[in-house]
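Worksheet: one structure, shown below.
The values are calculated or read from the model by the stated rules, or taken from the named source; none is laboratory data. As the structure is a prediction and not an experimental result, all values here were calculated from the model. Note that we place each Cβ from the backbone using ideal geometry, even for glycine, and neighbour counts take in every protein chain shown.
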């Protein structure tokens, strides 16, 4: 009798594990990012910078329609700034771009309907690389971005905020658009001063994802 009960319990636990496992979906995701920054500095008019995203997606199904989506992706962010000024009768045209790269981890609550999906939730990003480029009248320079909190660093190592996404699904394929609203000041901590404008990331994205085994 005890052996039968133990066997029955084993089968029940195995069945529960299989059901739980069947609610986990793994996929790949890639797309276009249209990056910019938000600042309350009125004289600093930046432009959108086209960049990219690519990574893995994991979705944990809670009910038939509700899921938690997370994963990790390489996210390009940044901005472009153009200016023109005259010194001693000579006109200088400048273009500056910042292209920081982050490993980003979201936690979106998803609603997967019949042929569509929507999601919203927080994200955190970890700065890993990037370039600061400037061009003056055709002469250009490039430097690596330093992530950290000292006066010698360019960007804070952590970015966080909230994101939203929506789109249509075709079986295992999803195509959609989203927006990531940065809530963290990305200026290195020791480079901030009282009254200085904060700088936050802002990214519109267009993406496609594929979930394996669906």
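Test residue 66 against the criterion of being surrounded by fewer than 16 Cβ atoms within 10 Å (Cβ to Cβ) and in contact with a helix residue (DSSP H, G or I) (Cβ under 7 Å, 6 or more places away or on another chain), and give yes or no.
Spelling it out, it is not the case that residue 66 is surrounded by fewer than 16 Cβ atoms within 10 Å (Cβ to Cβ) and in contact with a helix residue (DSSP H, G or I) (Cβ under 7 Å, 6 or more places away or on another chain).
Assess whether residue 121 counts as being buried (at least 19 other Cβ atoms within 10 Å of the Cβ) and under 18 Å from residue 202 (Cβ atoms).
The answer is no for residue 121.
Just need a number here: residues in region 97-117 that are in contact (Cβ under 8 Å) with a residue 24 or more places away in the chain, more than 16 Å from the chain's Cα centre (by Cα) and surrounded by fewer than 16 Cβ atoms within 10 Å (Cβ to Cβ).
Within region 97-117, residues that are in contact (Cβ under 8 Å) with a residue 24 or more places away in the chain, more than 16 Å from the chain's Cα centre (by Cα) and surrounded by fewer than 16 Cβ atoms within 10 Å (Cβ to Cβ) number 4.
Which residue out of 47, 80 is under 30 Å from residue 196 (Cα atoms), at pLDDT 70 or above, in contact with a strand residue (DSSP E or B) (Cβ under 7 Å, 6 or more places away or on another chain) and exposed (fewer than 14 other Cβ atoms within 10 Å of the Cβ)?
47
Regarding residue 150, is this residue at pLDDT below 95 and in contact with a strand residue (DSSP E or B) (Cβ under 6 Å, 6 or more places away or on another chain)?
no
To keep it simple, each residue is scored yes or no on (1) more than 25 Å from residue 81 (Cβ to Cβ); (2) touching a strand residue (DSSP E or B) at 6+ places or on another chain (Cβ under 7 Å); (3) buried (at least 16 other Cβ atoms within 10 Å of the Cβ).
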site	(1), (2), (3)
157	no, yes, yes
165	yes, yes, yes
169	yes, yes, yes
178	no, yes, yes
197	no, yes, no
206	no, yes, no
